[in-house]
Amino acid sequence: MKKSILPILILLSLFCSFSCTSKPVPIPGDSAKVIRNIYVEYMNIANTYLKLEEYKSAAEYYKLAMQNRKLYWACYYKLALCYVYSSDWINAEPMYQAMLKRDPENSTLKASLAYIYSMNGRVGKAVKIYQELLASQPDNESFLENYLIITLSDKRYFKKYRTSVDEAYSKMNETYPENSQLKKITEKYKELAGIKDEEIEDVDDSEESEDLENAENTDGSETSDNSELESSKASE
């Protein structure tokens, strides 16, 4: 009930503010200003729902506000956040791809897309992005943590990227000994390090085989492992 009352009250106050002021002579451009303010109110309603963690309702109002081209990209970003916070990875992925295309050097967008890829089961793509990020920011705690969690979630990726995983683990252990995920990372690292390479099949890099693997992986184990990515939830 509260959800339905909130936008009505906000919009009602907006319309009253315009209707209660008598203007004997129309002012040029006034109607356009009213319309523009309506879209601003849509965005304000969406922002309120976002703070309340009502992501579905927030998404609906961001879509309405996006009809105003001046508000489009600001609302586009917030809409993408709604999809991430509600674990709607399918809708979130193309939106972050589009934003990264507009701003290809944005490390926050890159990290968010890598996180989304991992949650969509596209581990190979996530690993490559984190490698790029660590190449430019080798001491970034969040990047190190998430790179290790992803590569350690599958023994085949551990084998394929063993050298870089060893380097990342060493840096993480030395630089961030108080990291909240380090204990779990260390346990998984030691477990995989004890497996002989010949006992691990190689990763097939082709997109087709990766998609096939995802389709067959119905037990949700990979998603469960990746759910420990606590620190990489897309930030506003």
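The values are calculated or read from the model by the stated rules, or taken from the named source; none is laboratory data. Everything quoted here is computed from the prediction, not taken from an experiment. Cβ sites come from the backbone with ideal geometry, for glycine too, and all protein chains shown count toward neighbours.
Quick grid of which residues meet (1) among the polar types (S, T, N, Q); (2) in contact with a helix residue (DSSP H, G or I) (Cβ under 6 Å, 6 or more places away or on another chain):
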| site | (1), (2) |
| --- | --- |
| Leu50 | no, yes |
| Tyr72 | no, no |
| Ile90 | no, no |
| Pro104 | no, no |
| Ser112 | yes, yes |
| Ser118 | yes, yes |
| Arg122 | no, no |
| Ile129 | no, yes |
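Quick one: how many residues across the stretch 148-164 are farther than 16 Å from Tyr115 by Cβ and among the polar types (S, T, N, Q)?
Counting residues in the stretch 148-164 that are farther than 16 Å from Tyr115 by Cβ and among the polar types (S, T, N, Q) gives 2.
Which residue out of Leu64, Leu79, Leu100 is aliphatic (A, V, I, L, M) and in contact with a Leu (Cβ under 7 Å, 6 or more places away or on another chain)? Reasoning before the result, please.
Values: Leu64 fails: in contact with a Leu (Cβ under 7 Å, 6 or more places away or on another chain); Leu79 fails: in contact with a Leu (Cβ under 7 Å, 6 or more places away or on another chain).
After applying the criteria, what remains is Leu100.
Residue-wise test of (1) of a type in the set (Phe, Trp, Tyr); (2) farther than 30 Å from Ser170 by Cβ; (3) touching a strand residue (DSSP E or B) at 6+ places or on another chain (Cβ under 6 Å); (4) in a loop (DSSP other than H, G, I, E, B).
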site	(1), (2), (3), (4)
Lys56	no, yes, no, no
Asn68	no, yes, no, yes
Cys75	no, yes, no, no
Gln97	no, yes, no, no
Leu100	no, no, no, no
Leu109	no, no, no, no
Ala114	no, no, no, no
Glu132	no, no, no, no
Ala135	no, no, no, no
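Give all pairs with beta carbons closer than 8 Å in which a residue from the stretch 165-189 that is in the same structural domain as Thr151 (by TED's automatic domain parsing) meets a residue that is surrounded by fewer than 14 Cβ atoms within 10 Å (Cβ to Cβ) and assigned to a helix (DSSP H, G or I); count only pairs at least 6 apart in sequence or on separate chains.
Pairs found: Ser180/Glu230; Gln181/Glu230.
Say we look at the stretch 59-97 and pick out the residues that are farther than 14 Å from Met43 by Cα and among the hydroxyl-bearing types (Ser, Thr, Tyr); which of these is surrounded by the fewest Cβ atoms within 10 Å (Cβ to Cβ)?
Residue satisfying both the conditions and the ranking: Ser87.
If you go through the stretch 109-118 one residue at a time, do you hit one that is in contact (Cβ under 8 Å) with a residue 12 or more places away in the chain and surrounded by fewer than 19 Cβ atoms within 10 Å (Cβ to Cβ)?
The answer is no, given that none of the residues of the stretch 109-118 is in contact (Cβ under 8 Å) with a residue 12 or more places away in the chain and surrounded by fewer than 19 Cβ atoms within 10 Å (Cβ to Cβ).
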